[in-house]
Protein chains: 2
Amino acid sequence: MSAMPPVDEMQRAFEARDSSYDGVFFVAVSSTGIFCRPSCPARRPLSRNTRFMATAKEALFAGFRPCKRCRPLHTDGQPPEWVEELLAWVEEDPSRRIKDGDLRARGLDPARVRRHFQRTYGMTFQAYCRGRRLGDALGEIREGGELDEVILGHGYESHSGFRDAFVKTFGTPPGKSRGEDCIQVDWIESPLGPLVAGATAEGICLLEFTDRRMLEAQFRAIRRLFKRAVVPGKNPHLEHLKRELAAYFSGTLMRFTVPLVFPGTPFQRRVWEELLRIPYGQTRTYEQMAQAAGSPGACRAAGTANGMNRIAILIPCHRVVNKDGKLGGYGGGLWRKARLLGLEQGVPSS
Amino acid sequence: MSAMPPVDEMQRAFEARDSSYDGVFFVAVSSTGIFCRPSCPARRPLSRNTRFMATAKEALFAGFRPCKRCRPLHTDGQPPEWVEELLAWVEEDPSRRIKDGDLRARGLDPARVRRHFQRTYGMTFQAYCRGRRLGDALGEIREGGELDEVILGHGYESHSGFRDAFVKTFGTPPGKSRGEDCIQVDWIESPLGPLVAGATAEGICLLEFTDRRMLEAQFRAIRRLFKRAVVPGKNPHLEHLKRELAAYFSGTLMRFTVPLVFPGTPFQRRVWEELLRIPYGQTRTYEQMAQAAGSPGACRAAGTANGMNRIAILIPCHRVVNKDGKLGGYGGGLWRKARLLGLEQGVPSS
DNA sequence: CGGCCTCCACCGATTTTTCGACACCAATGT
DNA sequence: ACATTGGTGTCGAAAAATCGGTGGAGGCCG
């Protein structure tokens with residue numbers, strides 16, 4: 001069974017219905033003989049009746065049956081199956097317009113879909129699709145596509161409808177956006193929970209574990225920092241990143257090659273550049289980082305700069321620890337830092 | 001307003017003197033009337049006396065003076081101090097030639113100066129000075145100065161050198177310029193950000209907020225439209241404009257008297273003339289404008305003509321809004337439109 | 001030149017989506 | 001059996017998006 005988050009962490013996550021821990025561990029309730037995902041909507045049982053398990057198999061084997069509400073077997077993977085299917089359907093032809101009626105035709109209740117997207121991705125399903133379409137459209141315009149052709153290819157039937165929507169998301173009319181760029185974000189599954197990733201045409205500019213409820217604020221910050229619109233979408237760098245992350249988590253990749261974009265103050269940049277120099281599997285102290293960044297003594301500032309890093313894992317801020325050997329802090333939760341370090345030191349993960 | 005980190009984040013950063021937030025926000029202390037960078041070394045004030053501001057400008061406008069220890073303007077404040085000094089030095093005697101060596105003698109790195117000018121004003125420092133000299137020279141030529149005297153009085157040591165430079169900027173040799181005019185441009189600071197203003201001998205022909213990235217193109221358009229060169233320089237109308245703008249922003253001036261020059265197509269001119277008739281503090285709809293311009297139904301076209309207006313504020317295109325009460329669009333950014341309207345309706349600007 | 005084409009700081013009438021409220025359901029504690 | 005919790009489906013009103021209008025400017029091409 002090996003690595004689970006610490007018990008108190010799990011208790012907190014279970015209490016808070018933190019869906020980012022789905023798949024990371026399971027909760028078995030001895031009074032009912034049922035086991036659930038951490039995010040199960042049902043009322044919380046008394047804590048003396050709960051037991052934490054690393055896998056569903058384990059729970060089944062111990063005689064528990066899966067909960068009918070959160071269906072811990074049914075989905076196993078984080079996003080419920082119907083969401084995966086729906087997303088796949090969207091990807092089949094992102095330029096197509098999907099109306100509430102189409103959802104109903106697939107047996108999905110639009111309200112349910114909307115609520116799920118709102119909760120998970122911070123926007124309604126329709127808003128997701130719209131952003132997705134406009135992001136693609138901007139891409140084509142940037143490449144110099146003829147405006148009218150682009151419009152007809154992206155789900156709008158009228159010139160003006162497209163224009164209105166475009167201006168609303170990007171702030172500038174399509175004609176003036178020729179050379180502009182936007183940030184495309186996507187969600188990536190990992191053994192440590194879902195990550196949100198963002199990329200411009202130049203490279204990856206965002207990668208974070210999503211359980212920070214900060215998501216909304218993050219988007220705003222990113223938008224301000226890059227002065228660009230943020231839309232959900234696909235992007236070659238994101239695909240590249242997904243492949244490399246998969247290899248990283250399987251322990252076979254030690255050095256990422258996907259390009260990064262990380263603007264910041266001069267001091268921050270120095271710290272981040274230094275982080276990139278720490279080899280796989282090794283650690284540094286905050287003090288060493290401050291020194292390397294040219295400001296010995298500024299270890300506190302180095303710590304802050306570490307925390308401000310927006311590209312987790314690739315800019316390995318998890319490789320910086322306290323001088324006394326303790327782990328220090330980590331934006332995505334200490335247990336993840338521990339797991340990442342463990343992974344890099346060859347500890348077999350669950 | 002708009003995008004700042006969450007308040008608790010700012011409090012933490014200020015408390016910790018976190019220099020990574022320098023330039024991201026500013027702290028104004030109401031008990032002392034001073035504003036600082038987050039990293040200011042001075043003793044922390046009581047938190048009930050602090051206010052957070054997004055920009056130094058905002059703080060200044062709210063009546064705070066920059067702290068003498070952390071010098072919040074010094075680094076990030078829009079025109080760095082050394083630039084201001086340098087510009088003042090140029091103004092002292094615009095006809096003087098400033099070589100790289102002179103800059104070095106003042107402790108400035110020519111490359112740095114060039115980069116800053118290129119970035120901020122769209123031309124190198126040398127180009128700025130050359131234009132400045134030529135603009136003055138042209139003004140004198142128009143007034144009938146003796147050609148050779150003019151030349152020698154403006155930093156050129158030889159006739160031919162002046163001619164070359166002159167031809168390069170204006171397209172015509174100086175002898176033919178008598179009776180012609182060029183457009184002098186200058187930068188004007190305002191509570192809503194810096195403006196670029198342009199004037200001929202007849203009056204103001206350009207006034208725009210400079211964060212419109214279009215500046216370069218604008219200049220080209222202006223040059224083509226007026227068939228005149230655009231050079232940095234001073235001009236009585238510009239001085240007049242500066243005084244009136246200051247009064248306008250302080251809320252005491254409601255009608256500008258500085259003369260305007262705005263050539264355009266007949267339709268555009270009709271729209272612009274109508275704009276000038278909208279009284280201070282009132283608004284019209286695009287539809288009303290179209291009607292007033294004699295083409296009811298051409299509301300969209302009226303909007304476009306509005307957008308083509310090159311003299312912001314004075315030709316009050318900000319007083320035109322959507323019929324449904326929404327603000328519509330604004331070249332300088334919607335927030336400016338809102339603030340301008342607020343100012344005119346007596347809302348104390350933040 | 002004059003036609004042809006693209007783009008634009010809008011408007012009004014239709015869809016379509018969003019949002020709130022409310023009843024219902026599964027899982028659980030008492 | 002009944003209360004409690006938070007998700008789900010349904011409904012209707014309110015808010016947005018969309019669609020197909022619009023007239024004018026400016027670039028391009030023969």
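The values are calculated or read from the model by the stated rules, or taken from the named source; none is laboratory data. Treat the numbers as computed from the prediction; the structure is a model and nothing was measured. Note: ideal-geometry Cβ built from the backbone for every residue, glycine included; neighbour counts use all protein chains shown. Ligands, DNA and RNA are stripped out before the accessible areas are found, and what is left, the full protein with its side chains, is counted by its heavy atoms. Shrake-Rupley method; radii C 1.70, N 1.55, O 1.52, S 1.80 Å.
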- Note on the structure: Probe 1.4 Å, all chains present, heavy atoms only: A:D136 accessible area in Å², nearest 10, is 40 Å²
- Item | Apportionment of accessible area to carbon and sulfur, the range A:7-75, percent (1.4 Å) | 53 percent
- Query: So what does log10 I(q)/I(0) come out to for the range A:56-147 at q = 0.11, 0.13, 0.18 Å⁻¹, using the Debye formula with one equal point on every Cα and no solvent?
  - Reply: -0.45, -0.58, -0.88
- Rounded to the nearest 100 Å², what is the sum over both chains of accessible area buried where A meets B, with a probe of 1.4 Å? 800 Å²
- Query: With the Cα gyration tensor of chain A giving a ≥ b ≥ c as the square roots of its eigenvalues, does the rule (a/c under 1.5 for rounded; else a/b larger than b/c for prolate; else oblate) give rounded, prolate or oblate?
  - Reply: oblate
- Query: To the nearest 10 square angstrom, how much accessible area does B:K323 have with a 1.4 angstrom probe?
  - Reply: 150 Å²
- Once the label point is placed 7 Å from Cα along Cβ, list for B:E239 the distances to the corresponding points in the other copies, in nm, shortest first. 6.4
- Gyration tensor verdict on the range A:183-242 (Cα atoms; rounded if a/c is under 1.5, prolate if a/b is larger than b/c, oblate otherwise): oblate
- Task: Would you check the accessible area of A:C36, probe 1.4 Å, heavy atoms only, in square angstrom rounded to 10?
- Result: 20 Å²
- 1.4 Å probe, heavy atoms, protein only - residues of the range A:278-315 losing at least 40 Å² accessible area vs chain alone: A:T304, A:M308
- How would B:W335, B:W187 line up by accessible area, probe 1.4 Å, largest first? B:W335, B:W187
- Task: Pull up the cross-link candidates among the lysines for A:K242, meaning alpha carbon to alpha carbon under 24 Å and not fewer than 8 places away within one chain.
- Result: A:K234, A:K337
- Antiparallel DSSP bridges in the range A:183-242: what percent, to the nearest 5? 75 percent
- Taking the Cα centre of the range A:7-75 as origin and charging only Cβ (+1 Lys, Arg; -1 Asp, Glu), how large is the dipole, in debye to the nearest 20? 360 debye
- Message: Could you give each residue of the range A:129-134 its phi-based ³J(HN,Hα) in whole Hz, using Karplus coefficients 6.51, -1.76, 1.60 with θ = phi - 60°, and x for Gly or Pro?
- Response: 5, 4, x, 4, 5, 5
- Inter-copy separations for B:W187, label at 7 Å along Cα-Cβ, nm, ascending: 4.5
- Item | Intensity falloff of the range A:1-64 expressed as log10 I(q)/I(0), Debye formula with alpha-carbon point scatterers, at q = 0.27, 0.28 Å⁻¹ | -1.30, -1.39
- Task: Show that you can apply the helix-only estimate: for chain A, add -39,500 (n - 2.57) for every DSSP H stretch of four or more residues, divide by all residues, and state [θ] at 222 nm to the nearest 500.
- Result: -12500 deg cm²/dmol
- Query: Where nothing but the Cβ of Lys and Arg (+1) and of Asp and Glu (-1) is charged, how large is the charge dipole of the range B:183-249 around its Cα centre, in debye to the nearest 20?
  - Reply: 360 debye
- Item | Cα-centred dipole magnitude for the range B:188-331, charges only on beta-carbon of K, R (+1) and D, E (-1), debye, nearest 20 | 320 debye
- Accessible surface, chain A, averaged per residue in Å² (probe 1.4 Å): 48 Å²
- How much of the DSSP beta bridge set in the range A:7-75 is antiparallel, as a percent to the nearest 5? 70 percent
- Note on the structure: For the range A:266-344, the accessible surface attributable to carbon and sulfur atoms (probe 1.4 angstrom, ligands and nucleic acids excluded) amounts in percent to 52 percent
- Message: Mean-square fluctuation check for chain A, GNM, Cα pairs under 10 Å: which of A:G131, A:G307, A:G63 is largest?
- Response: A:G63
- What are the label-to-label distances in nm, one decimal and shortest first, from B:Y280 to the same spot in the other copies, with labels 7 Å along Cα to Cβ? 7.0
- For chain A, calculate the relative contact order in percent as a whole number, restricting contacts to Cα pairs under 8 Å that are 6 or more residues apart. 13 percent
- Message: I want to verify a result. In a Gaussian network model of chain A, Cα cutoff 10 Å, which of these has the top mean-square fluctuation: A:A62, A:A246, A:A312?
- Response: A:A62
